[in-house]
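This report refers to the structure that appears directly beneath it.
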Amino acid sequence: MILTDERKPFVVGPYYADPAEKQAFLRGIFDRTAPHYERIARWGWFGTGETYRRQALMRAGVSPDMKVVDVASGTGPVARALMKILNSPDQIVCVEPSAGMIAESKKTVPAIHHQAPAEALPVADQAFDFLTMGFALRHVDDLDAAFREFHRVLKQGGKILIMDVTKPESFMGRFWFRLYFKYFLPFMSLISTGDRESYRLMKYYWDTMDQMIGREEVTKILTAAGFKGAEHHIVLGCFSEYRAER
């Protein structure tokens, strides 16, 4: 989610001419790049992505008997990490706006999949013990509405984990972060896939990271949506984990 001081989305670079076009742009580019996404994610995180996600889920309190909704589930990386913890994939429901990403996810995640945005989850009230969203805050138009939906679908006492990548605090950390995400990752995505749309998506990722809503603001919006104990944790200088309880 990219915001001005008034917390209204604005246009990012050359990707769409009006904020109203953002979701159509995202669905289109995610649909087209879905076949390449897993390859980029594997080498882009140096093969550590699943381990990190599983550890983050366990830090946030996921236990084997929980029913979990995975919002913005993409090609299924968080759901696969959940499958290492939960008793059965039947305990997972994936919600993702991109049909292309869902098609890729279904190849490895034998769970229920719904095509929908974070602001309108097609699931019942108080149906889940845990909700997770991985690396997708930047793609949500209305965090207030999304977090209210997250609150609605969780049981009383249900927990939430939102993972994202945010710019480090230190000067050198920001320097290397910018070098990697603005230049190296897009270039290597093009080299490894031969797909210019994958290159464009990674360029878009950097632009959204560069203008991402502040960490404290995310916890404030969680609290305003009704969550208790909203807190932010930083791992390795740039991995943000937001946790809260209904």
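The values are calculated or read from the model by the stated rules, or taken from the named source; none is laboratory data. Since this is a predicted model, take the numbers as computed values, not measurements. Every residue, glycine among them, receives a Cβ derived from its backbone with ideal geometry; neighbour counts consider all protein chains shown.
M188 fails exactly one of the following numbered conditions: (1) aliphatic (A, V, I, L, M); (2) farther than 30 Å from I221 by Cα; (3) free of Cβ contacts under 8 Å to residues at least 40 places away in the same chain. What is the number of that condition?
So M188 meets the others, but not (3).
Looking only at segment 25-60, count how many residues are modelled with pLDDT of 85 or more, in a loop (DSSP other than H, G, I, E, B) and either hydroxyl-bearing (S, T, Y) or touching a Pro at 6+ places or on another chain (Cβ under 8 Å) (or both).
So the count comes out to 0.
Looking at E104, E96, which is the one that is of a type in the set (D, E), within 14 Å of the chain's Cα centre (by Cα), at pLDDT 95 or above and crowded, with 17+ Cβ neighbours inside 10 Å?
Details: E104 fails: within 14 Å of the chain's Cα centre (by Cα).
The unique qualifying residue is E96.
Can you tell me which residue among P122, P168, P117 is under 23 Å from E21 (Cα atoms) and either in contact with a Leu (Cβ under 6 Å, 6 or more places away or on another chain) or surrounded by fewer than 19 Cβ atoms within 10 Å (Cβ to Cβ) (or both)? Before the answer, list the steps.
Numbers: P168 fails: under 23 Å from E21 (Cα atoms); P117 fails: either in contact with a Leu (Cβ under 6 Å, 6 or more places away or on another chain) or surrounded by fewer than 19 Cβ atoms within 10 Å (Cβ to Cβ) (or both).
Of the residues listed, the single one that is under 23 Å from E21 (Cα atoms) and either in contact with a Leu (Cβ under 6 Å, 6 or more places away or on another chain) or surrounded by fewer than 19 Cβ atoms within 10 Å (Cβ to Cβ) (or both) is P122.
Can you tell me which of (1) surrounded by fewer than 16 Cβ atoms within 10 Å (Cβ to Cβ); (2) modelled with pLDDT of 95 or more; (3) in a loop (DSSP other than H, G, I, E, B) is the one V109 doesn't meet?
Going through the list (1) surrounded by fewer than 16 Cβ atoms within 10 Å (Cβ to Cβ); (2) modelled with pLDDT of 95 or more; (3) in a loop (DSSP other than H, G, I, E, B), V109 breaks only (1).
Under the condition of being part of a loop (DSSP other than H, G, I, E, B) and at pLDDT below 95, which residue from segment 196-226 is farthest from R243 (Cα to Cα)?
That would be Q211.
I'd like to know if segment 151-162 contains one or more residues that are in contact (Cβ under 8 Å) with a residue 24 or more places away in the chain, crowded, with 22+ Cβ neighbours inside 10 Å and among the charged types (D, E, K, R).
There is at least one residue in segment 151-162 that is in contact (Cβ under 8 Å) with a residue 24 or more places away in the chain, crowded, with 22+ Cβ neighbours inside 10 Å and among the charged types (D, E, K, R).
For a quick check of your reading of the model, give me the residue pairs whose first member lies in segment 221-246 and is closer than 17 Å to A145 by Cα, whose second is of a type in the set (S, T, N, Q) and not in a strand (DSSP E or B), with beta-carbon atoms closer than 6 Å and at least 6 apart or on different chains.
A230/T219; A230/T223
Right, F46: hydrophobic (A, V, I, L, M, F, W, C), loosely packed, with under 14 Cβ neighbours inside 10 Å and over 26 Å from D129 (Cα atoms) or not?
Working: hydrophobic (A, V, I, L, M, F, W, C): yes; loosely packed, with under 14 Cβ neighbours inside 10 Å: yes; over 26 Å from D129 (Cα atoms): yes.
So F46 passes the test.
Against the condition closer than 29 Å to F187 by Cα and in contact with a Phe, Trp or Tyr (Cβ under 6 Å, 6 or more places away or on another chain), how does Y37 come out, does it pass?
no
Do we find a residue being closer than 27 Å to M212 by Cα, among the β-branched types (V, I, T) and modelled with pLDDT under 95 anywhere in segment 78-91?
Taking segment 78-91 and keeping what is closer than 27 Å to M212 by Cα, we get 78-82.
So of that shortlist, the ones also among the β-branched types (V, I, T) come out as 78.
Narrowing further to those that are modelled with pLDDT under 95: none.
Within segment 78-91, none of the residues are closer than 27 Å to M212 by Cα, among the β-branched types (V, I, T) and modelled with pLDDT under 95.
Being assigned to a helix (DSSP H, G or I) and surrounded by 22 or more Cβ atoms within 10 Å (Cβ to Cβ) narrows it down to one residue among F175, F147, F184, F130; which is it?
F147
Could you please tell me which pairs satisfy a Cβ distance under 7 Å, a separation of 6+ or placement on different chains, a first residue in segment 5-24 that is at pLDDT below 80, and a second residue that is of a type in the set (D, E) and surrounded by 12 or more Cβ atoms within 10 Å (Cβ to Cβ)?
Every condition considered, the pairs that remain are P9/D141; V12/D207; G13/D207.
Report, by residue number, each residue of segment 53-72 that is touching a Ser or Thr at 6+ places or on another chain (Cβ under 6 Å) and either of a type in the set (V, I, T) or free of Cβ contacts under 8 Å to residues at least 60 places away in the same chain (or both).
Answer for segment 53-72, where residues must be touching a Ser or Thr at 6+ places or on another chain (Cβ under 6 Å) and either of a type in the set (V, I, T) or free of Cβ contacts under 8 Å to residues at least 60 places away in the same chain (or both): there is none.
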